[in-house]
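To keep things clear, I will list the structure first and then write my remarks on it.
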């Protein structure tokens, strides 16, 4: 009888240890998942460190950022052209089904785009505010994605903040990128416009 009780105590001890081990593992996973989510969905920005005039800093601190629906309506079935030679010239078509085609250099990359919410903490002097800013992300057709594929959308004119200068915006697939597997010619390295590329296409 004592052997049975001892075995029962041992079984209960092993079971308790197993529960503790499994619970600890689940807690670690949850902490890591929470850290990962916070890393990708929370940002801080010290407005005082931005290279802007004091008036522009005040406006940036107080501004209302574009909503999800505003960004989606702006991008759906639209072509955006970036001209920043010699660093980057490209044309990107975004369709209504969250696909995109990007003509850069002598190739056309295809993928999908989506929007993620970011909790942004802005600080200015001794003030701070929390606001929701949306991030535009582009994922290639092979599923590859890095943090560099996502950009905070501070305004429609700043869809791609790493590129200086304005973006040229046109409704529709003006270059027919969704029907092409490769571009008709390599993207020029000089200054371009939608009109200049269309003229070259129709030669």
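Before moving on, here are some points about what is shown:
- Complete set of residues in region 57-89 that are in contact with a strand residue (DSSP E or B) (Cβ under 6 Å, 6 or more places away or on another chain) and either loosely packed, with under 14 Cβ neighbours inside 10 Å or closer than 16 Å to residue 175 by Cα (or both): 68, 75, 78, 79, 80, 81, 82, 83, 89
- For region 168-192, a residue qualifies if it is surrounded by fewer than 16 Cβ atoms within 10 Å (Cβ to Cβ) and part of a loop (DSSP other than H, G, I, E, B), and the qualifying residues are 172, 176, 180, 181, 182, 184, 185, 186, 188, 189, 190, 191.
- If the condition is being assigned to a strand (DSSP E or B) and surrounded by 15 or more Cβ atoms within 10 Å (Cβ to Cβ), then region 90-109 contributes 90, 91, 92, 93, 94, 100, 101, 102, 103, 104, 108, 109.
- Count of region 103-121 residues which are closer than 30 Å to residue 42 by Cα and touching a helix residue (DSSP H, G or I) at 6+ places or on another chain (Cβ under 8 Å): 6
- Verdict on residue 74 being over 27 Å from residue 197 (Cα atoms) and in contact (Cβ under 8 Å) with a residue 12 or more places away in the chain: no
- Yes/no for residue 144 being out of contact with any strand residue (DSSP E or B) (no Cβ under 8 Å at 6 or more places or on another chain) and at pLDDT below 90: yes
- Hits in region 122-139 (condition: within 24 Å of residue 74 (Cβ to Cβ) and in contact with a helix residue (DSSP H, G or I) (Cβ under 8 Å, 6 or more places away or on another chain)): 122, 134, 136, 137, 138, 139
The values are calculated or read from the model by the stated rules, or taken from the named source; none is laboratory data. Small disclaimer: the values here were computed from a predicted structure and weren't measured. Cβ sites come from the backbone with ideal geometry, for glycine too, and all protein chains shown count toward neighbours.
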